[in-house]
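The values are calculated or read from the model by the stated rules, or taken from the named source; none is laboratory data. Predicted model only: the values in this text are computed from it and were never measured. Because the Cβ atoms are built from the backbone with ideal geometry, glycine has one as well, and the counts that use them run over all protein chains shown.
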Amino acid sequence: MRRILSILLMCVLVLALLAGCGNTPAKTTPADTEKPAGAADTPGSSTDQSVSINIWTNFMVEADMLQKYADMWAEKTGNKATVINTSIELEQFAQATNTPDGPDGVFGVPNDKLSSFAAAGLVAEVPADFYNDEDYVDAGVQASYYEGKRYGVPIAVETITLFYNTDKVKTPPKTWDDLLSIAKTAGGIKFDATSIYYDLGFVRAFDGYIFKWENNMYNVNDIGLGNDGAVQGYSYIQKMADEGFITADITFDIAKSSFENEETAFYIGGPWDVDAFTSAGVNFKVAEMPSLNGRPFATPVGTQVAFVSSKSTKKDAVWDFYKFLIEEASIEMYEVGARIPAKLSIQKQIQTDEITEAFMKQIANGEPLPSVPELGHLWVPYADNMRLMFSGQITPEEAAKYIESQFREAIELMHSGK
């Protein structure tokens with residue numbers, strides 16, 4: 001009996017083991033496992049999707065050309081870029097970035113607008129390894145900083161310099177004293193001397209300045225328009241007024257017309273003037289600005305910059321696109337729109353003429369007007385006091401005092417919100 005019971009127990013155990021084996025779950029593979037909702041695809045997997053970016057530009061002439069390069073970049077990367085030519089204003093841009101098809105960045109906007117966009121929190125900081133400052137024109141790099149941080153990428157640079165009528169002047173003057181000496185018998189010089197845009201070099205030649213530049217930022221509390229150097233600069237400008245070269249009513253248009261009609265020997269202007277003088281049949285050349293007080297004459301350098309929207313979710317793609325444009329499109333931008341590249345290595349690749357070379361030399365001596373919102377409050381007090389000085393109502397010393405004090409008052413009102 002015991003033997004029969006033992007056999008029965010063994011059979012029961014065997015059946016239990018067999019049943020357990022039959023209920024073992026099947027092993028799963030990663031392909032069989034469902035991905036959690038919202039999980040991202042692994043980079044480089046077959047489920048990767050291309051991105052589409054929208055780039056605004058104020059470049060009108062070059063817009064179609066930039067789209068051509070955008071299509072080339074798209075073919076190379078599998079992404080898509082749409083270049084839109086539009087006027088670029090702060091409020092418009094801020095509103096548009098809140099829409100699904102809003103701009104991911106701007107390629108081509110004057111550097112004086114960059115500070116306002118950055119101050120409003122609309123601009124992403126440039127990645128540290130995107131470019132080296134020393135590879136670009138100094139003024140273009142300086143124009144790309146705001147509050148000690150890089151927010152812009154320099155694209156193209158421009159400035160003003162000296163035009164001279166070759167029927168009246170055979171050799172361009174090397175110094176301002178030489179220029180005035182020649183101008184007395186050759187037909188004179190005209191420019192808008194009531195504007196800091198044209199007067200910057202006179203102020204800087206004697207160590208005056210608008211705002212102190214240090215640590216890659218402007219100290220808006222340190223104004224140098226009323227110091228001794230600024231007084232010397234204003235005194236030199238007053239000397240030209242005393243000798244009859246300039247008056248308070250000379251505007252940009254009057255100065256340009258006088259040179260175009262071959263009345264004056266010298267004119268201070270930019271690349272935008274070349275076509276008009278050529279069409280008018282003026283025999284002219286362009287030269288680097290004469291030195292003053294033994295120093296190169298600083299002129300304002302305007303820089304067209306690119307920036308990425310801080311609200312863009314596709315920043316990496318935008319930076320990649322910008323790098324492609326700078327390396328591949330800069331030469332054609334010069335050929336199509338006469339935009340002098342800000343990158344030094346590309347400047348060496350463009351086919352230049354004497355006019356472009358003169359502007360490039362002057363750009364190397366120039367500096368940007370401060371890219372800070374406070375600058376906008378300088379134009380009126382500066383012009384008003386220069387007119388008073390030219391008319392003999394105030395001295396250069398008084399002009400310096402009033403320009404700086406009125407500028408400070410305007411900035412204080414700005415910051416007070418009044």
Can you work out which of the residues in the stretch 259-270 that are surrounded by 18 or more Cβ atoms within 10 Å (Cβ to Cβ) and either closer than 20 Å to Phe297 by Cα or touching a residue at least 60 places away in the same chain (Cβ under 8 Å) (or both) is nearest to the chain's Cα centre (by Cα)? Gly269
Among the residues listed as Phe284, Phe307, the single one being in the same structural domain as Phe202 (by TED's automatic domain parsing) and at pLDDT 95 or above: Phe284
Residue pairs, Cβ under 8 Å, 6 or more apart or interchain, first in the stretch 142-163 and in contact (Cβ under 8 Å) with a residue 12 or more places away in the chain, second in a strand (DSSP E or B) and of a type in the set (D, E, K, R). List them. Gln142/Glu367; Ser144/Arg150; Pro154/Lys343; Phe163/Lys285
For residues that are surrounded by fewer than 17 Cβ atoms within 10 Å (Cβ to Cβ), at negative phi and not hydrophobic (A, V, I, L, M, F, W, C), tally how many sit in the stretch 271-295. 6
Please go through the stretch 167-206 and give me each residue that is farther than 25 Å from Leu388 by Cβ, assigned to a loop (DSSP other than H, G, I, E, B) and in contact (Cβ under 8 Å) with a residue 40 or more places away in the chain, ordered by number. Asp167, Lys168, Val169, Pro172, Pro173, Lys174, Gly187
Scan the strands (runs of 3 or more DSSP E) fully inside the stretch 80-163 and keep the ones with 1 or more residues being under 15 Å from the mean Cα position of the chain (by Cα). 105-110, 153-158
Which numbered condition trips up Ser371, out of (1) within 20 Å of the chain's Cα centre (by Cα); (2) at pLDDT 95 or above? (2)
Going through (1) assigned to a helix (DSSP H, G or I); (2) over 21 Å from Gly294 (Cα atoms) one by one, Met240 fails only at (2)
Positions within the stretch 68-96 being in contact with a Leu (Cβ under 7 Å, 6 or more places away or on another chain) and surrounded by fewer than 19 Cβ atoms within 10 Å (Cβ to Cβ), in sequence order: Ala94
By residue number, the members of the stretch 122-167 that are of a type in the set (Gly, Ala, Ser) and out of contact with any helix residue (DSSP H, G or I) (no Cβ under 9 Å at 6 or more places or on another chain) are Ala128, Gly148
